[in-house]
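Enquirer: Got a structure here, written out as structure tokens. Questions coming.
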Amino acid sequence: MKVLVVDDSATMRMMVVSTLRKAGFSGLDIEQAEDGKIALDSIIKSVPDIVLADWNMPNMTGIELLEAVRAEEINVTFGFITTESTASVRKQAIESGASFLISKPFTAESFEKALGKFIN
């Protein structure tokens, strides 16, 4: 299963990868991108099974990435890992086609709960 982790912080990307493993999701093919623009190019070239994106990034935000992916009619499970967790942000994410939103700081348990039905 291919997972794309998108965050402008290399440290945060490494934390997400580490937490995926701690949550018991092993054997994943994990790729990384440092912003939405790079991620969109990657998704168009080879569609992953799941995208885990930050909300706030330079060049193209996470919500802009999600909207661009949906505009391209690319069917991929897409979720956010973000500090932005207000009701309006959650509503915008779901209305734009996100499958889940994990709030930072996150835990292995929050990953298990949000991703368990998507990662086998």
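Enquirer: How much length is gained on full extension from Lys113 to Lys22, taking 0.36 nm per residue of separation minus their Cα-Cα distance?
Expert: Details: separation 91, 0.36 × 91 = 32.76 nm, distance 1.29 nm.
That pair, Lys113 and Lys22, stretches by 31.5 nm at full extension.
Enquirer: Determine the gain in length on full extension of the stretch Asp29-Met14; use 0.36 nm per residue of separation and subtract their C-alpha separation, reporting nm with one decimal. Let's see the in-between values first.
Expert: Numbers: separation 15, 0.36 × 15 = 5.40 nm, distance 1.40 nm.
Result: 4.0 nm gained on full extension.
Enquirer: Over the C-alpha atoms of the chain, what are the Rg and the largest Cα-to-Cα span, Dmax, in Å?
Expert: 12.8, 35
Enquirer: Quote to one decimal, in nm, the extra length available between Asn120 and Asp49 on full extension: 0.36 nm per residue of separation minus the C-alpha distance between them. Write out the running numbers ahead of the final one.
Expert: Values: separation 71, 0.36 × 71 = 25.56 nm, distance 1.09 nm.
Full-extension gain reported as 24.5 nm.
Enquirer: For Phe106 paired with Glu67, estimate the spin-label separation in nm (one decimal), with each label point 7 Å from Cα along the Cα-to-Cβ line.
Expert: 2.3 nm
Enquirer: Rounded, prolate or oblate: which fits the range 1-65, taking a ≥ b ≥ c as square roots of the Cα gyration tensor eigenvalues, rounded meaning a/c under 1.5, else prolate when a/b beats b/c? Can you show the working numbers first?
Expert: On the way: a/c = 2.40, a/b = 1.36, b/c = 1.77.
The shape class here is oblate.
Computed from the coordinates by the stated procedures, all read-outs in this text should not be read as laboratory data. The model shown is predicted, which means the values in this text are computed figures rather than measured ones. Using ideal geometry, Cβ is built from the backbone for each residue, glycine included, and neighbour counts are taken over all protein chains shown.
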